[in-house]
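Asker: Have a look at this one before I ask anything.
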Amino acid sequence: FLVQDYNLLYVADFDLDHFGPWYGNPSSNLDSYRRSIRRAAALKPDVLLVGHGRPINKNIDQKLAEYEAIFDKRDQIILDTLRQQPQNLDQLAEKNIIYPRHHGLDILIYFEKVMLQKHLESLLKRDFVTKTEQGLFEVR
């Protein structure tokens, strides 16, 4: 939501903290999320209001680029892990790629799996990985 008089952009669920994007809802879509980040950057706002945190009025382009880069970083960790050995979703979730310290909390393990599944779907669609008949993901 852009308030043009102030060049202020409200981005609701963007959370520009160290954790990065959250897409643990089954209906989340990585490609749409990335497009939203790019659209926000293209608007060149002077002020960015995030749903979780303080308003941002400095280095907005850089912060949005770093935020989007977290998707690529997570993709790379997944690909590096699968290069070592093909794995299914449960095995991959045990690596704690998204939530390094979930402390065994069921809800965080669930979100880990949902978010990893989103990455795997995207990697499959972009032909970076394949899925075997046994349900293992492997790098092309």
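The values are calculated or read from the model by the stated rules, or taken from the named source; none is laboratory data. On a predicted model such as this, the values are computed, not experimentally measured, just so you know. Note that each Cβ is placed from the backbone with ideal geometry, even for glycine, and that neighbours are counted across all protein chains shown. In case anyone asks, the SASA skips ligands and DNA or RNA and just uses the protein heavy atoms, side chains included. Shrake-Rupley method; radii C 1.70, N 1.55, O 1.52, S 1.80 Å.
Asker: Filter the stretch 114-137 down to the residues that are of a type outside the set (S, T, N, Q) and in contact with a Leu (Cβ under 6 Å, 6 or more places away or on another chain), then identify the one that is surrounded by the fewest Cβ atoms within 10 Å (Cβ to Cβ).
Answerer: Top of the filtered list is LEU116.
Asker: Looking at (1) within 25 Å of VAL11 (Cα to Cα); (2) touching a helix residue (DSSP H, G or I) at 6+ places or on another chain (Cβ under 7 Å), which is the one condition that is false for ASN59?
Answerer: (2)
Asker: Of the residues ILE78, ILE56, only one is over 17 Å from LEU123 (Cα atoms), in contact with a Leu (Cβ under 8 Å, 6 or more places away or on another chain) and open to solvent by less than 40 Å² (accessible area, probe 1.4 Å); which?
Answerer: None of the other options fit; the residue is ILE56.
Asker: Go through the residues of the stretch 81-96 one by one and say whether even a single one is closer than 30 Å to LEU43 by Cα, at pLDDT 95 or above and of a type outside the set (A, V, I, L, M, F, W, C).
Answerer: No, that holds for no residue.
Asker: Which condition breaks for VAL50 when tested against (1) open to solvent by 40 Å² or more (accessible area, probe 1.4 Å); (2) modelled with pLDDT under 95; (3) touching a strand residue (DSSP E or B) at 6+ places or on another chain (Cβ under 9 Å)?
Answerer: Of the numbered conditions (1) open to solvent by 40 Å² or more (accessible area, probe 1.4 Å); (2) modelled with pLDDT under 95; (3) touching a strand residue (DSSP E or B) at 6+ places or on another chain (Cβ under 9 Å), the odd one out for VAL50 is (1).
Asker: Pairs, please: C-beta under 8 Å, at least 6 apart or cross-chain, first residue farther than 13 Å from SER27 by Cα and in the stretch 104-125, second part of a helix (DSSP H, G or I) and open to solvent by 60 Å² or more (accessible area, probe 1.4 Å)?
Answerer: LYS113/ASP90
Asker: Return only the number of the condition from (1) of a type outside the set (Val, Ile, Thr); (2) touching a Phe, Trp or Tyr at 6+ places or on another chain (Cβ under 9 Å); (3) open to solvent by less than 80 Å² (accessible area, probe 1.4 Å) that ARG140 does not satisfy.
Answerer: The single condition ARG140 does not satisfy is (3).
Asker: Let me ask you something else. Which one is farthest from ILE109 (Cα to Cα) among residues in the stretch 1-21 that are in a loop (DSSP other than H, G, I, E, B) and without any contact (Cβ under 8 Å) to a residue 24 or more places away in the chain?
Answerer: PHE1
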